Structure formats: C-alpha cells, structure tokens
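Scroll down for the structure; my scribbles are underneath it.
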Amino acid sequence: MKKDLEKVRNIGISAHIDSGKTTLTERVLFYTQKIHAIHEVRGKDGVGATMDSMELEKERGITIQSAATYCTWKDHDINIIDTPGHVDFTIEVERALRVLDGAVLILCSVGGVQSQSITVNRQMTRYKVPRVVFINKCDRTGANPKRVTAQVREKLGLNAVPLQLPIGLESDLKGVVDLVTMKAVYFEGDNGETIREDVIPAELQADADTARETLLDAVSMFSDELMEAVLEGNPTEEMIKDAVRKGTLALEFVPVLIGSAYKNKGVQKLLDAVNDYLPAPSEIENTAFDLNKNEEEVILSSDPKQPLVCLAFKLEDGRYGQLTYIRTYQGTMAKGDTIVNSRTGKKAKVGRLVRMHSNEMEEIESAGPGDIVALFGIDCASGDTFTTPEVNMSMSSMHVPAPVISLSITPVDNKAQGNMSKALNRFTKEDPTFRTFVDHETSETIISGMGELHLEVYIERMKREYNAEVNVGAPQVAYRETITGRADFNYTHKKQTGGSGQFARVAGYLEPFEDGEYEFVDKIVGGVIPREFISSCDKGFAGSLEKGALAGFPVTGVRCVINDGAAHSVDSSDIAFQLAARGGFKDGYLKANPVLLEPIMKVAVEGPSEFQGSVMGSINQRRGMIIGTFEEGEYTVVEAEVPLAEMFGYSTVLRSLTQGKAEFTMEFATYRQVPRNVAEGVIAAAKKAAQEKK
Amino acid sequence: MLKTDLIAKNPMGAFNRDAKGNDVARMGLVVARPGLGKTAILVQIALDSILRGKQVVHVSVGESIEKTKAWYDDIVSDISASAKHEDMGEVQMDVRKNRMIMTFNASSFSRPKLEERLNDLIYQDIFRPCCMIIDGLDFAKVDRQMLTDMRELQKEANMSIWFSAVTDRESQGEAGVIPAPCDAYGDLFDTVIMLQPESGDESKIFLNVLQDASGCVAPGKSLRLDPTSMVVWGATF
C-alpha cells in the first residue's frame, strides 16, 4: 500500500439530478482501469452504471446512497464518494461532505446552474470543501460553457475562471485548449482513452491568449512568484498550477474545466485537475469532540502514529454480512487491532479490511490517515466514531434530529412480514433519522423520518431489496404535547383485593422544562417515600410521557417534581409507586395548561423573480411566516417557516403556480405551539381516530 | 415585566412617535463610522414598531438573511435579559410575525426593484409595513435622484424609512453638522442621528441628535450607548 499521504484524494462528485454525475464516475473508473467496459446509466445492455449498485437507483436513474469507490490516477490514490443530491437525504449528504476533502461540482452546459446546484454549493461552502467545476455535456445542442461560467460567478458567488476552452461545441466538440500548457488536447480512440496534444488551432489562438491572460490575472493574486513572473513575461506551468492550487485550497478560486463524459472528452484532464488542485487529507483541518473533556473540540493531525480516530459513515448489507465504510482521520488501523466505538463504548477487533470498488473489493492490511476503507463484522450504526482504547473522541456531536413525519405500514402477507422486519432493522442502523416502532394499540408498524420522499425511498427499497410488499397509510405529522403552566398533584394509589394490597401516595408538581424532554426532581425529605421507590416514581412519570392526555401525542418539556408522599410497610411496592406517579401525572397534566406542538419546517422556495408574489401568497395560505427574501442572480429566494402539516402536496401546487420553474427545499426547524383554532381540529381528529381504534 | 414596559423603556420610540403617542412618518438617517452600532440602533427603532404590533421591512444591502436575523435575536435576548422580561417567547413571536427581511446585492438596489418586491407583499395583503429599515447602503455611491425617489416613496406610502450610512473614518464631525458623505443630502431627511465616541475615550459612545424636523426630539440631545450590547435601553431623552 502506498503511504504517501500527499498523494491521496478523497473527493465527492456532486450535481443537479441528470447532470451526468454517474456517467462521469463511470468514465473515471474506466480511465483509471478499475472497470474494463462502460455501461450507461440507462443503457441498452441492462447492466447499468457500476456506481449505481442498488436496483432502485438503476431503475430511477438517480443515485440515492453514497457508495465509496477507489481508483488510482497518475500515482495518486483517489477515493470517490458518490453523494446523493436530494435534500431529504440531508444526513447522508452531510455525512458524505464530512468525509471528503474536495469536490467536483458538475454542471450541465445547457441547463447551467440549477437550484439543486445552488443548494449543494451552499452545503459545500458550509463544510469548507474546496471544489473544481466541470461543465459537462458540451456535446449537446445549446451548450454554452461561457454562459455557465458566468452563472457560477453570479449565482454561486464563486471566483470561477476557466482553465480550458472548447475546441468546437455541440456535435462538433473535438477537444479542449489547455490554458495552462497552451496546447490543444484531443481525446482519441474508441473510448477517448488516447490523448493527443497538438498546437492550438489558428482560429482559436486569439481567444486562447485572452482567456489565458484572464486566468493569469486571477491566479497571480495567490502567488507573488507568479505575479513577478507574469510581469516579466515568463510564467511557468508549475507556477500557474501552484497558484491555482493555493487559491482553490483557500476557497478563493474555483478552476473550471469542460468536456463531455458521455462523448469521452475531457475526463482525463479533470482527473489531472483533481490531483493538481484538490487537497490531500493532510491539508484539511478536521476536528473531533473530546468526550472526556465535555465535548471540547480537538484538531486531529494526519499523523499515522497518533491514536486512531475514524468515522463509520456508511453501512451496507453485503453478501458476507455487514460492511462498514470507514474514513480514518488520524492514526493507523491494522488487521487484528482493537478499536472502541465511542458511542456505545463497545470494543471490537479489526477483522477483514478491504478497499471498495462499488461491488468488488480488495483486501488490505492496514489503513492510514485519510484512507477510506470498509470493515467486515463490526457492529455499529452510521455516524459512529471508532478510536483506539486510550482516547475517547467523537467525530460528530451525538445530536440527531427527531423525525417529523410518520406513516403506518402493514405487510401484505406472512412472508412480507418477516422480510419487512429484516429490512427495518437494517435501515434504522444505516440511518439514525429513520425510526420505526409498533403502535401498541393498533399493532401497526409505524415508520418515521425527515420527509415524504425520505420514507418513500425506504418503502421502495423494502420492496426491491427485501421483497417485502407493504400497504402504506397516509402520512401523519408528528405532533407533540407540552405544558405551559405549573400544577400541583397529590395522588394516592390504593388497592385492596385480598392478599397483599397496593398502596402509594405521591405528591408534587409539574412545570415546563425548556432545556429538554423530561426531568425528574426528587425533593423528598424525611424519607416519606423510601429510597428504593424513588426510581419507581421516575419510571412512572417517564411512562406517562408516551401519551399525553390532551390528544394522545408524546409529551415533551416537562419537569416532574415530587416533594411529598406516603408508603406502607407491607403494601407499598415498585409497581404501586409507578402507578401512583402515573396517576399523579394525569392529575396534574390537564391543570398545567397542556398545548399541542407541531413541527415547523424551514422552507426555501427559489424561482424566477416574476413568480415571487404567487410564491409568497402560497406560503401565506399555508400558515407560513415569511422570514425574508433574497436575490440569487435572476432568481429570488423566499425563506419561510411553515408548519409541516400544511406542506403535503406543496410540490404540485408550486409547479402549477410557477409553470414548473420554481423549486423548494425543506428541512426541520423547530417545534412550535399549534394555534388554538387549528389545535382544536387536530385534537378532535386524534380523539376520533382513538375511538375508532377501540 | 410586561411588554408595555419594554416599549416604554425603548428611547427609540421618540423617533417614531410624538409626545401624544401618534406615529409620525419620516425619513431618518443614522450615521457613524464603522463598528459603532448603526445596525443595533436601527434594530431598536424597528423593535419599537414591532412590539406595538406594527410591521417592519428590514432591507439589508449586501448582508445575508441569517446575519440580519441574528441581529434581532441578539438584541431581543439582550433586552429581555436586562429588563427581566419573562415571556421572551412572546417577544420573539412578535418579531417573527411583524418583521420581514429583504436582502439586495449592493449593485442591484434601486427604488423600482424595491417597490416591485414590496408590492408583491402589499397587494396580497401579506404584509403592510409602517416602517422600513435600509441598512448597508453605500452613501458614497448613491446619487441624489435615488434618495429623492426614496423620499417620494416614503411620502406616498406614508411610512417611515430609516437609512444607515458610514462616514469616513477620519471625519470627526463638528458638533451638529452632518458629516461626509451624507452632508449633501441633509435636506432630504427629517431626522439625522449620529453615533460618536467621546474624544479621548473610545469606549464611551454617544447617540447625538443632529436634526429633527418632526419636532419629536430636540436637536442637540444625547444618550450614551451600553458599551457591550450597543443598545440604549432604559434611557430617556
């Protein structure tokens, strides 16, 4: 295994749907000799692209899960993490962004900067990911890389400057002019695998000279050496590359490359650019939280001799059991090492260690900082951190957002039943935002997650990968209940039915608790409730939170304080105190002004400015609160907070309002009180549903 | 403490209302060199209207929605803490309901663009502002025509418009005189206030009223800003 960290690249490939991301990845794997034939995404050969390993992805032609794949190009090791583009899979996108050090942003030379690219770009900016832009599909009618570059500057606010000029466009696309070497580059052979360099065609010379001047102007900012050389008229290739690299790593410059993956043009030059301009793992600062020091931030060093810190960013159920994708940040992991899962504290032994190439794998002995590898037989969840036993660090905060939408699923037959539970077991491990439980009253299985599409994809996967056909109920909003006032309770649980009876009295008060879901406070003095029964009271209160008395939704934000009570030497028991606590809670709850809470989503609608008025009208009708509006080139973005309950079917409404020109993204923001008039309806509906269940 | 007390404790109310408590629409300007707290003062002026249930459009030129929102969040939590106001949630709800942020790129701000975006709100009755804050406009680059346009808009819509302007770092300003680059536009504004550190002691910053044609506050009056939060809560003119 190569140990030269400077020659490792962990990159992501991100783009708007249908910009040709998977096609490009396929070509990359072909040129790096990882695969020996090219399969198109929607190809006639029925094999599908190598990276889209899941059936569903093949059918829909979209990439849902990020598969990691490894290849080498000109003695550099490149790990490619294929990232999903849709926002409903946010946790996967964000996890993938943490794992990669640089990215290729693909844009369509016809479609230009589309709204999804804006979102992806924003996420990359947030995670400080240096990027290279590749303007793809230059062979298509209407291709205009110049316009797209201008859009990148304007709409994405990036200092994007072309490093290449196209030779011919649309069906005439022949190759590119490299503005760094000032040579024409042609891609020849059946699959464009032979590169031929030549002099720049005479008719392009003047354009190339101007474009090179623009490039030198832009990058000489980052290198004094280059600046001097430019003034003296003798800049070298190395100086320019060095300056481009500096600017890119500082996130102040974005090199633009062009080509057509489908027509096999420009991909090798893009790979060169990945090697030349994107960072090595050692050039990126990564941080972890030290769990021994109250989650204090620690900067990790890419030293293979330091204690190991690595992140499990994806799980996959393979033919040989669970496969865990891991990125190492610090230290070395070798076969036979003992590692600790910092979330569970469980120790594990490193067994088989492999490097993945989509569905094939290569056995390796050890993995150093910056490596992306897969482990067999490790029991963990996605997002878990593994370290050597002597340190206790976590790569990510333990906070996972609560699901906001749920639906019931019922298997169609017995066989589906078994498969369904297998599938659910798997999915909950892979994705912490996807949860499942069985409703005790209806015996229905409920799944919950972060959005409509999020759940739809899992239902599809259940069908395809696990052969579990299910009937799906209507989506339900995850309402909660909380209290807004303080109320006392005093409850005696007494039962005498022959034999030993039950006796317990619990008194105290309930009050709002703003910092979390639930807190139990024991203010008992003089032992009126014996020590051993205090935890029984806690259990009783905690149990009451599952279902609020207002409308049967889970209760959150309550502090339960006990300050008095009574016990009987014979008749008091654990269960008696639990029941007394439940009684006390019920007693106090309705007096403490309970209210209904609903999930509020942060919604951003982006579309041409002329539709701004109707967009705002539609948000207003949905009980939305408009926070503000901002411009992004010719687009106006409206940011608003809208209750999730009002957002079902919004994509259809928006499409018809704006002739399909606007798009929206939505993420969970917070829980907020439901207005009284709306709450009445929700409570009545919940009560009616409960009646029907009986 | 009740919300009415919060309103009463905001001296910026004097720039919105006359002695009888009636709203007086005006064109106002806050000038200072960078970093003295212009935005904080504008937010305080906006809060006076917001807490009284009136709607405010906050136009940020060259700033993001997130940053602008953060200004309000910080100032609301500051004043709520210092005033020991118990129901912060109520104040935050007022702010969410009654404030709308619009951001513009520095190059694209103009009256027609602003009006287009405002009209979308007003015609559908989504939002009816009584006050507009325009923060971040570069006065070294504005022309008289654009400010005259805004003055017209202010009169037509009968709402208050408050601007902020950065003065040159060197410009100390003589007492009572509007400093460059705003000196040429004094006649377009009813009220002009200036933030100035005390000479010799940079930590003491004062809000000085340079002119006020509405007659609500006498020119020459002055208040000291809280040095940490940059607000002037609890003081009176």
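Note down the net charge around A:I627, summing +1 for each Lys or Arg and -1 for each Asp or Glu among other residues with Cβ under 10 Å from its Cβ. Mind dumping the intermediate values first?
On the way: positive: A:K602, B:K69, B:R96, B:R99; negative: A:E639, A:E641, B:E66.
Around A:I627, the charge tally is +1.
Pick from B:K84, B:K113, B:K141 the residue whose mean-square fluctuation is largest in a GNM of chain B, springs joining Cα atoms under 10 Å. Largest GNM mean-square fluctuation: B:K141. When the P(r) of the range B:3-224 is calculated, the portion above 27 Å amounts to 29% of the C-alpha pairs.
Which FRET efficiency, nearest 0.05, do A:D564 and A:S421 yield, Cβ-Cβ r, R0 45 Å? It would help to have the intermediate numbers written out before the result.
Details: r = 46 Å, r/R0 = 1.02.
Working from the Cβ atoms, E equals 0.50.
Relative to the longest principal axis of the Cα atoms of chain A, helix A:237-249 runs at roughly 20 degrees.
Based on the alpha-carbon gyration tensor of the range A:511-568 and its eigenvalue square roots a ≥ b ≥ c, which shape applies: rounded if a/c is under 1.5, prolate if not and a/b is larger than b/c, or oblate? Prolate is the answer for the range A:511-568, as a/c is 1.5 or above and a/b outweighs b/c. Could you tell me how far the Cα centroid of the range A:128-177 sits from the Cα centroid of the range B:93-131, in Å? Each part's Cα centre sits 36 Å from the other's.
For chain A, adding -39500 (n - 2.57) for each run of n ≥ 4 DSSP H residues and dividing by the number of residues yields -9000 deg cm²/dmol at 222 nm. Would you compute, from DSSP H runs of 4+ residues alone, the mean residue ellipticity of chain B at 222 nm, taking -39500 (n - 2.57) per run and dividing by the full residue count, rounded to the nearest 500? For chain B, the value works out to -10500 deg cm²/dmol. Would you tally the net charge around A:H493, using a Cβ to Cβ cut-off of less than 15 Å, leaving A:H493 out, and scoring K and R as +1, D and E as -1? Value of the local net charge: +2. Among beta bridges from DSSP that stay inside the protein assembly as shown, the antiparallel ones total about 70%.
For chain A, the longest principal axis of the C-alpha atoms and the axis of helix A:115-126 are separated by about 80°.
Karplus-derived 3J(HN,Hα) values for the range B:119-127, using 6.51 cos²θ - 1.76 cosθ + 1.60 with θ = phi - 60°, are 4, 3, 7, 6, 4, 8, 6, 7, 8 Hz; glycine and proline are entered as x. The calculated FRET efficiency for the pair A:D571 and A:A690, based on their C-beta separation and a Förster distance of 41 Å, comes to about 0.80.
Which three semi-axes in whole Å describe the equivalent ellipsoid of the range A:481-592, each the square root of 5 times a Cα gyration tensor eigenvalue, listed largest first? It would help to have the intermediate numbers written out before the result.
Details: eigenvalues 116, 43, 24 Å².
That gives 24, 15, 11 Å for the three semi-axes.
Exceedance of the 32 Å cut-off in Cα-Cα distance is limited, within the set B:K9/B:K204; A:K688/B:K3; A:K293/B:K9; A:K174/A:K314, to A:K688/B:K3; A:K293/B:K9; A:K174/A:K314. Rounded to whole numbers, the Karplus 3J(HN,Hα) couplings from phi for the range A:662-674 are 10, 10, 10, 10, 8, 9, 5, 10, 6, 9, 9, 5, 6 Hz, using 6.51 cos²θ - 1.76 cosθ + 1.60 with θ = phi - 60°, and x at Gly and Pro. Remark on A:M395: its backbone amide H falls under 5 Å from those of A:F289, A:T385, a criterion applied only to residues 5 or more positions apart or on other chains, H modelled at 1.01 Å from N.
With Rg and the Kirkwood Rh both taken from Cα atoms, where does Rg over Rh land for the range A:405-477? Let's see the in-between values first.
Numbers: Rg = 11.0 Å, Rh = 12.0 Å.
Rg/Rh for the range A:405-477 comes to 0.92.
Once you reduce the range B:25-63 and the range A:436-480 to the center of their Cα atoms, the two points are 48 Å from each other. Of B:D168, B:D187, B:D94, the residue with the greatest mean-square motion in the GNM of chain B, using alpha carbon springs below 10 Å, is B:D187.
Using 0.36 nm per residue and subtracting the Cα-Cα separation, the extra length available between B:E115 and B:Q145 on full extension is 9.2 nm. For chain A, the direction-averaged projected area of the alpha-carbon convex hull comes to 36.4 nm².
Pairs of alpha carbons in the range A:286-394 separated by more than 24 Å make up 17% of all such pairs. What is the angle, in °, between the Cα long axis of helix A:531-544 and the longest principal axis of the Cα atoms in chain A? Nearest 10 is fine, range 0 to 90. Value to nearest ten degrees: 60. Bridging of A:K591 to lysines at a Cα separation below 18 Å is possible for A:K547, once same-chain residues fewer than 8 apart are set aside.
Put simply, the amide H of A:N10, placed in the peptide plane, has neighbours under 5 Å in A:N79, A:D101, A:G102, leaving out anything fewer than 5 places away on its chain. A cut-off of 5 Å between modelled amide H atoms, ignoring neighbours fewer than 5 places along the same chain, links B:T103 with A:T629, A:F630, A:E631, B:S60.
Just so you know, all these numbers are worked out from the coordinates, no wet-lab data involved. Only a predicted model underlies this, so the values are computations on that prediction, with no experimental measurement involved. Reconstructed Cβ throughout: ideal geometry from the backbone, glycine too, with neighbour counts over all protein chains shown.
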